[in-house]
Every structure is written in C-alpha cells, then in structure tokens.
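Structure, as structure tokens:
The values are calculated or read from the model by the stated rules, or taken from the named source; none is laboratory data. Not measured: the values here are computed from a predicted model. Here the Cβ positions follow ideal geometry from the backbone for every residue, glycine too, while neighbour counts run over all protein chains shown.
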Amino acid sequence: PLTEVHWLSCHFAGNALLQKLLHCAEVNENNDPIAKYCLKKLTDPQYRIALTVLDDILGELSELCQTFQRSCLTTIEAYRYAKAKIAKFCSQCLGEKVHWKQQMTSFANTVNTRVVLHSITELCEHLGCQFPENELQEWAAFDTETLFPAKFNYGTENVTKLVGKYQAVLNLPTDGSITECICKQYIDYKFIIVEKMKAGAIRTFANMVTYMLKEEQFTDLTQFVDICGTFQASSADCECGFRLMNQIKAKSRNRLGVNHMDQLIRIKYYLAANGDVNLDKIYHHWTIDKYRREK
C-alpha cells in the first residue's frame, strides 16, 4: 500500500535496482548506449552480490517493521520478534557456512564477500545494541505464555526486582511489607490467570490487563501490569488517532479548538466501540449547563 512507502522506501529502492539490472540486460540486446553504461556496473559480480544481499536484508527488516505495526503488540512480543530476526541473520550469514540464495551461489564462489559479510555483522551488532539481552527479563513475569505450567516460585524474583526499581516512582512504602504483599498477589495472579486461560476466558495479553484492572484483590500488583501494558511497541493506535483527527479537522473546521477536538475524538472512539449516544440528553445538558456569556 502507498501508506507504507515512507518507512519501506529503502526496501523498495533496493528491489527497484535489482529490477533495473534485469531490464538493462534485456535492453542491452538492442545496443542501447545508456543500457550499456548501466550494465557495465550492474553486471559486476561483487556489486550484484552486494545489491542482492542488501535487498534481502532490507526485505527482512521491512517485514519486522510491518510486525511492529500490529495493533496491541506488547513490548515483550516485539522484543522476541526482533531477537528472532537477529538470530536468523546470524545463522544464515555469520555461521560456519553462509547460506546464499541459489542464484547467487555461482557468484559467491568467485568473488570476495568479506565486505558484504562485514556489513551484516555490523547490522547484527547494531540491532543487538537496540535489543540487548535480558532487557525485559523482569517483565517476563507478566508474559502469559511463560506461565504454563504454573509454578509457585516462578517470577517472584523478577517481581521483587520490579518493586525495587519502581518503588520511588509509584510512591510505595520503603519497608519490606509492600514487597511481600505484591509477591503474594503475584502468586495468586499466576494460578488464576492460568486457569482462566485454560477455560478460554483469557486469550491475549490485553484480556489479562483488562481483567487485572477490574480485580480489587490485585490492587498493588495491578500498578505493574498497567505499566507493562501501557508501553506498546506498535504505533498503530497512534496512527489511527492521527488519522481520525485529520478526518475531523478538515478544511471546513480549520479553526477547531483543542478542547472541542478532544471531545469529538472521544465521541468517535466511543461510537466505534458500539457505544450509544443519547442526543436528547446531550441537548438538555447543553441548554441548561453550558456556560453562556452575558449579553
């Protein structure tokens, strides 16, 4: 789709160069001078391998970007997708044997691919710095996929570390009682969530967060679940909000204020969630409670 061009343009450019290579080879049969000039560089095996590998790498990164655009994608899930992609690059190109594409095998045996492999190494190192090991180790305690089978001591140590990290931010008591209380709530949380997942009442991370926010018995633990569910890896929901804002604030409404914009967006979201708006009640409120300037 055209809406994806702005963040997939690198892959599109690499793919276009490959297509141009094939096109120049066809045009050269007619002795076209421009095609000859382009083909002289494009048919260089070193250049062709570099271009093909670049197209493959950019294609993989584009797929990763598309994955990151999924709605309600948790940070833990995004981290796993990224680590899986890094592991794939390392296994394919940086192992004892390089797994080239079939059409590149003949070229790879005749040219020096050290520069290409070095660039892939730097890419993996860069991605590794962006997604360091054990960065989300503590938050794995709230990953629903790791709760099976439910074990009594699983995740308690991670929750204790989270309490220490966010104690000042959440204004928690400094004595050890709050840590003990939250760990007790976490133990109950594990077994309840596992049983609800077995029964099909909870299927996704979002379902778990919704359930936790409604349960009073997990009041202290819910603060950490709320933090884990707040920082989404995807910007899809933000993009939907901006698109809705652009639909509301059109040229005919270019003087729409911030407060009115906020109210209209809330109404739109409420209606999209199958909410019912009582227009008579709204009109009654508008005629009675709305602030009026004195004439």
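For F107, the stated conditions hold: it is part of a helix (DSSP H, G or I), modelled with pLDDT under 85 and over 21 Å from L61 (Cα atoms).
Every residue, every condition in (1) modelled with pLDDT of 90 or more; (2) assigned to a helix (DSSP H, G or I); (3) surrounded by 15 or more Cβ atoms within 10 Å (Cβ to Cβ), yes or no:
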{"site": "D175", "(1), (2), (3)": "no, no, no"}
{"site": "E180", "(1), (2), (3)": "yes, yes, no"}
{"site": "I187", "(1), (2), (3)": "yes, yes, yes"}
{"site": "I193", "(1), (2), (3)": "yes, yes, yes"}
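Just to verify a result, which residue in the stretch 127-173, among those that are modelled with pLDDT under 90 and at positive phi, is nearest to the chain's Cα centre (by Cα)? Among them, the one singled out is N134.
Residues of the stretch 212-241 that are modelled with pLDDT of 85 or more and of a type outside the set (D, E, K, R): M212, Q217, F218, T219, L221, T222, Q223, F224, V225. Is it fair to say N112 is under 30 Å from T52 (Cα atoms), in a loop (DSSP other than H, G, I, E, B) and more than 29 Å from the chain's Cα centre (by Cα)? The answer is yes for N112. Which of the residues belonging to the stretch 128-167 are part of a helix (DSSP H, G or I), among the hydroxyl-bearing types (S, T, Y) and free of Cβ contacts under 8 Å to residues at least 40 places away in the same chain? Listed by number, the residues that qualify are T146, T156, T160. When the test is whether a residue is more than 26 Å from I192 (Cβ to Cβ), touching an Asp or Glu at 6+ places or on another chain (Cβ under 9 Å), basic (K, R) and at pLDDT 85 or above, K101 does not pass it. Count of the stretch 46-90 residues, restricted to those that are in contact (Cβ under 8 Å) with a residue 60 or more places away in the chain and either surrounded by 15 or more Cβ atoms within 10 Å (Cβ to Cβ) or not in a helix (DSSP H, G or I) (or both), is 16.
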